Amino acid sequence: MIAFDFLHDPQAVLMDRLRSWRISRPLATAALALATVLIVDTIGWSVERWRASNAEASVAALGAEDVALHARLAGEKLEAAEVADLGALDGRLREIAASGERVRARMAALARELPRDAWLVSLSDDGKRLALVGRTQRLSSVAEAMSRLSGEPFGSASLDRVARVERPGGALLEFSIWLVPH
């Protein structure tokens, strides 16, 4: 036990007070072991916290890189799709170019079968039938075009519509005929 007289003793210094304590040897060894374990554990915990914060920073950096790579990959897929679309368009253009002579001959044959006062405005082919749009001044020319285009070599003709179209030079009849090959 330590005795201290507050009135007569000089001011106590902490180290002096600690030195005056008498601790048994086994208790001092245990206290020293406990202090050593606490110091080692504190150092180990600090190192692990530092490693964990570095790992979190690495994960964040990799996440940002992952997002950038996904965006780049999406761009690459888009470019691949665009290349595929361009390839399909190129194939279609080559097919149209190869079929040009056949289409030219077909258009010339159709134009020859129209009456003199009728003319073609547009021609489209959906693979199953041919849509022919023309204009004339007389309804009898539409009937004549129908009779000329029915049969060989064009197939069956069906009138889709006839409409009056106002033009600055006067009114015209616009007609649409479907030709279905045999």
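The stretch 64-182 holds strands (runs of 3 or more DSSP E) entirely within its bounds, and those carrying 2 or more residues that are in contact (Cβ under 8 Å) with a residue 24 or more places away in the chain and touching a helix residue (DSSP H, G or I) at 6+ places or on another chain (Cβ under 7 Å) map to 130-136, 170-180.
Filtering 12, 31 for residues that are among the small types (Gly, Ala, Ser) and at pLDDT below 70 leaves a single hit, 12.
Residue-level analysis places residue 141 among those that are surrounded by 12 or more Cβ atoms within 10 Å (Cβ to Cβ) and of a type in the set (Gly, Ala, Ser). Determine whether the stretch 117-134 contains at least one residue that is of a type in the set (Lys, Arg) and under 17 Å from residue 173 (Cα atoms). No; the residues of the stretch 117-134 include none that is of a type in the set (Lys, Arg) and under 17 Å from residue 173 (Cα atoms). If you go through the stretch 41-92 and pick out every residue that is more than 19 Å from the chain's Cα centre (by Cα) and farther than 30 Å from residue 125 by Cβ, you end up with 25. Looking only at the stretch 144-156, filter to residues that are of a type in the set (A, V, I, L, M) and surrounded by 15 or more Cβ atoms within 10 Å (Cβ to Cβ); which one of those is modelled with the highest pLDDT? So the residue we want is 145.
The values are calculated or read from the model by the stated rules, or taken from the named source; none is laboratory data. Every value quoted in this text rests on a predicted model; they were computed, and no experiment measured them. Using ideal geometry, Cβ is built from the backbone for each residue, glycine included, and neighbour counts are taken over all protein chains shown.
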